[in-house]
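Values quoted throughout were computed directly from the atomic coordinates according to the rules given, and no laboratory measurement underlies them. All figures in this text were calculated on a predicted structure; none of them were measured in a lab. Don't worry about glycine lacking a Cβ; one is built from the backbone with ideal geometry, like all the others, and counts go over all protein chains shown.
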Amino acid sequence: MGSAPKLRATFARGIRSRSMRRVIFLLLTLLLTLGLISLAQGQRARMSEEQLRQSRNEWTIGLGAGPLGSLELRLASDLQSSLNDGDRLRLLPIITPGALSNVDDLLYLRGMDVAFTQADVFEYFRTERGIPDLRQRVQYITRLHNAELHIIASRSIRHFEELRGKRVSFGPAGGGAALTGPIVFQRLRMNVDDRFGSFEEEMTQLLGGEIDAVVRVSGKPIEGLDAIAKQADLHLLSLPSLQLFDDIYTLGDFTDRDYPSLVTAGEKIETIAVPTVLAAFNWPENAERYKRLERFTRELIGQWDRLLNDSTSPKWRDINPAASLAGWTRFSVAQSALSQDRRRK
């Protein structure tokens, strides 16, 4: 009889021990299950992030625009707001020094797919860089607006010829004036003390008498230029011997309607203008970046009317996307899209 309580106690301890082992086993099983679920979720999350990374990059287009405050940056913003379509097409405008550096970036910088430049950029690369022909490497999607050559000087300098040996600023290195200016001055056999700097810096130096003239290449009117001229005795110089430039450039002019403070009423300042170009690198058809360019180009041509509204730059209303550009080859997808667009209309 005395052994019965001991047996019961031993039996109870065994039950408790087995129950504890079962609880521990269940807890371990639960923890392992939760761990496997967490691991699977983490893998799915990583896969999802990888898919997200791929979708964000697959149809993203880098667009070389221009400096802050430039017309080209405004046009790039218009393209972005008109064509962006989630992950299907995403345009990223990039602030750059301008037309010259944009072609450098098209040639050598990863992530730059299209860019604004000028029609005379091949001439610059030929004469200044010793690269004779970029026509098959860089092609145009559309010809855009004309950018006029502005030569801004104090009224103490009456004629262009008086700039010989003077201090002349050509804007930021890599910009449009740094591209066109040397071509123009070389053709006219005009040696000057060339300087480079931002528009704000060079205008401050011009007003302070530290330099004698400023060269800008931009579609007229340049925002803020006439307001600056009101503070000083500045004017625009006519460019001589315009026949020397008709292989690349078109004729341009300024009147008081463009710049009331820079041009006397009834006067016409003669200059040249260079076509602005939306350019692209000519990738092989089997390249991933070619596929991006193809989608962007077809969307641009097909949705052109989106750029013709009151919220975009008025310059778009003056552009014919089908206009040809002498000395350049049009990107084949652009030519195909324009042909299809004409047939639809």
### Summary
Rounded to one decimal in nm, the spacing of the 7 Å Cα→Cβ label points at residue 332 and residue 190 is 4.3
### Message
Could you give each residue of segment 134-140 its phi-based ³J(HN,Hα) in whole Hz, using Karplus coefficients 6.51, -1.76, 1.60 with θ = phi - 60°, and x for Gly or Pro?
### Response
9, 4, 8, 8, 10, 10, 10
### Query
Distance from the Cα centre of segment 185-222 to that of segment 273-292, in angstrom?
31
### Task
In whole Hz, with x marking every Gly and Pro, tabulate ³J(HN,Hα) for segment 255-269 from phi via Karplus 6.51 cos²θ - 1.76 cosθ + 1.60, θ = phi - 60°.
10, 5, 5, 7, 9, x, 8, 9, 10, 5, 3, x, 8, 10, 9
### Message
Whole-Hz ³J(HN,Hα) for each residue in segment 294-304, computed from phi via Karplus 6.51 cos²θ - 1.76 cosθ + 1.60 with θ = phi - 60°, x for glycine and proline: what do you get?
### Response
4, 5, 4, 5, 5, 5, 4, 5, x, 10, 4
### Query
How many nm separate the modelled label positions at residue 320 and residue 81, each set 7 Å beyond the Cα in the direction of the Cβ?
2.8
### Query
Which of 144, 134, 68, 149 comes first, and how do the rest follow, when ranked by fewest Cβ neighbours within 10 Å?
68, 134, 149, 144
### Summary
FRET efficiency for residue 268 and residue 164 from the Cβ-Cβ distance with R0 = 35 Å, rounded to 0.05, comes out at 0.90
### Message
To make sure I understand, if each residue's beta carbon is the centre and we count other beta carbons within 10 Å, what order do 298, 158 fall in, fewest to most?
### Response
158, 298
### Message
Using the crude model of +1 on Lys and Arg Cβ and -1 on Asp and Glu Cβ, and no other charge, please compute the dipole size for segment 59-344 relative to its Cα centre, in debye to 20.
### Response
840
### Query
How fast does segment 212-290 diffuse by Stokes-Einstein, in µm²/s, taking the Kirkwood radius from C-alpha pairs at 25 °C and 0.890 mPa s?
162
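For residue 128 and residue 256 in the same chain, what is the full-extension length gain: residue separation times 0.36 nm, less their Cα-Cα distance, in nm?
Full extension of this stretch gives 42.5 nm more.
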### Message
So for each of 161-172, 89-100 I average, over its residues, the number of other beta carbons within 10 Å; can you give me the resulting order with the highest mean first?
### Response
89-100, 161-172
